1. Sort out which residues of the stretch 75-104 are among the aliphatic types (A, V, I, L, M), surrounded by fewer than 10 Cβ atoms within 10 Å (Cβ to Cβ) and part of a helix (DSSP H, G or I), and write them in order of number.
2. Given the conditions (1) in contact with a helix residue (DSSP H, G or I) (Cβ under 9 Å, 6 or more places away or on another chain); (2) in a helix (DSSP H, G or I), and given that Glu38 satisfies all but one, which numbered condition is not satisfied?
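Every read-out reported here was derived from the displayed coordinates using simple, explicitly stated rules and does not represent laboratory data. Not measured: the values here are computed from a predicted model. Cβ placement follows ideal geometry from the backbone for every residue including glycine, while neighbour counts extend to all protein chains displayed.
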Amino acid sequence: MNPLEGPGISLIAPHARYEAEPAVAPQQVDPSGAALFESVLKNVAGDANTSIQQAQSAGQEFAAGTRDDIHGTMLALSKADIELRLVSNIRSKVVDAFYELWRMQI
């Protein structure tokens, strides 16, 4: 069972199958983990941006009358909203952690 699936309700659309990324080879891992963290943040932000653009185009198509799938449009908009909130919360946590480190007395 995927971490994003519940006992009977899938949180991912049936056409978008969740694929876990392959593990990073030990020789490619940065000792500090900064490169891995940076790539994860870039992927999350990029996915959220793509989702927002798709939801925006779906909303515009629905408003123009070229699309009559209100359920799919609302799902796309809700998914984009959740991803944007996730990216915003991650950003806030990273900034808070930076300021905590900055305030530490040595």
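1. Leu101
2. Of (1) in contact with a helix residue (DSSP H, G or I) (Cβ under 9 Å, 6 or more places away or on another chain); (2) in a helix (DSSP H, G or I), only one is false for Glu38: (1).
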